[in-house]
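Asks: To start, I am sharing the structure in question, which I have written as structure tokens.
The values are calculated or read from the model by the stated rules, or taken from the named source; none is laboratory data. Model, not experiment: these values are computed from the prediction. Cβ: placed from backbone, ideal geometry, glycine included. Neighbour counts: every protein chain shown.
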Amino acid sequence: MSGNELKFIRTEIGTLTRFLRDLREDEVIERLQLERRLANARERLAEIEHLPKARSLSIVFGGSPVEGRRSMDAGFGAAALKAFVDVVEAVRAGLMADEPMEGGRLPRLKERSLRIVDRAGGSCGFELELPPLAPEEEPPQGSMLPEAQERRVDAYALAIETTLALIGEVATSSSSDEATSDAVAEMHRRAADKVRAFVKVLADHGALFAAEFEGRQVRLNSDEEVRRVVDALNVADMTEREDEVEGMLIGALPESRVFECRSGDGTLIKGKIDRSVADVMAFKAAWENKEALLRFRVVSSRGKERYFLKFASAPGRR
């Protein structure tokens, strides 16, 4: 269900209620008409209020392609919006992938995609919505836990959050290249390529960018920040593989997603919990200090290997 529709009906109910309150007692016909409209609006609200709601995403552009709040270059707007949708599709595919994503066409969800619902209020940009999960959609494999087999994870929403988080972290990073590389390594290489392609559209047109999703905001406020993201996401030397190790998760921090594992031969493995594991607290409760078969995504970039823990199962299960 569209969030705009819910907002419209609630606004209509408030308006009709005020009109009724302001009517004179002798305006009987008008009162009957308004009461009928109010009853219909309340009935419609009761029908849809409990339904799964679409999630709102606001994307706003600035810079050379934009003329104040009046207009935006159509070629740029179309290219930038398509590039952003391609990013989300690639990140979503990466979150759901059991193996490193190689060449070939990325899978798309034909029945579910971002929808343009309006122009961004007061700015040159787009108001988009992500339709709610269909009943038959399954959570990504990397998030499946024994205690949470029935908990559904919205991989598409998680992909939007991950994309905005990466752009924000890289753009505002004042630390070393090492920290930037760590942020980039959290994403699959092909997904990082898509993020770079989107930001390069901004750079090529001298454009700036801001977005908000589920209360999280990210901004590229200057050409310098745009260029920093483009340069940082050059992942030509990045490779990744999957490793499985029998061992034990001995510690995990839900906020920072940092973990420590001890393999069966005593080797200490440190890294971050992969973003495909949506509920780190549940993962920690399920597997901390228990023997398990641990699956890692291992990313090699700029001479360093980074481990991302993405799955755990009972020993002996593959």
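Asks: Among the residues of region 4-26, are any acidic (Asp, Glu), farther than 30 Å from residue 120 by Cβ and either at pLDDT below 85 or not in a helix (DSSP H, G or I) (or both)? Spell out the reasoning first.
Replies: From region 4-26, those acidic (Asp, Glu) are 5, 12, 22, 25-26; that's our starting set.
Those still in the list that are farther than 30 Å from residue 120 by Cβ too: 22, 25-26.
If we keep only those that are either at pLDDT below 85 or not in a helix (DSSP H, G or I) (or both) too, we end up with 25-26.
Among the residues of region 4-26, at least one is acidic (Asp, Glu), farther than 30 Å from residue 120 by Cβ and either at pLDDT below 85 or not in a helix (DSSP H, G or I) (or both), which makes the answer yes.
Let's see how each residue does on (1) hydrophobic (A, V, I, L, M, F, W, C); (2) in contact (Cβ under 8 Å) with a residue 60 or more places away in the chain; (3) surrounded by fewer than 19 Cβ atoms within 10 Å (Cβ to Cβ):
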{"residue": "172", "(1), (2), (3)": "no, no, yes"}
{"residue": "202", "(1), (2), (3)": "yes, yes, no"}
{"residue": "206", "(1), (2), (3)": "no, yes, yes"}
{"residue": "213", "(1), (2), (3)": "yes, yes, no"}
{"residue": "234", "(1), (2), (3)": "no, no, yes"}
{"residue": "239", "(1), (2), (3)": "no, yes, yes"}
{"residue": "246", "(1), (2), (3)": "no, yes, yes"}
{"residue": "256", "(1), (2), (3)": "no, no, yes"}
{"residue": "283", "(1), (2), (3)": "yes, yes, no"}
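Here's the yes/no breakdown for (1) assigned to a helix (DSSP H, G or I); (2) modelled with pLDDT of 80 or more; (3) among the polar types (S, T, N, Q); (4) under 16 Å from residue 156 (Cα atoms):
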position	(1), (2), (3), (4)
86	yes, yes, no, yes
93	yes, yes, no, yes
111	no, no, no, yes
117	no, yes, no, no
126	no, yes, no, no
133	no, no, no, yes
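Asks: Only one of these is surrounded by fewer than 11 Cβ atoms within 10 Å (Cβ to Cβ) and either more than 20 Å from residue 116 (Cβ to Cβ) or touching a strand residue (DSSP E or B) at 6+ places or on another chain (Cβ under 6 Å) (or both): 29, 9, 13. Name it. Break it down into steps so the answer makes sense when it comes.
Replies: Values: 9 fails: surrounded by fewer than 11 Cβ atoms within 10 Å (Cβ to Cβ); 13 fails: surrounded by fewer than 11 Cβ atoms within 10 Å (Cβ to Cβ).
After ruling out the rest, the residue left standing is 29.
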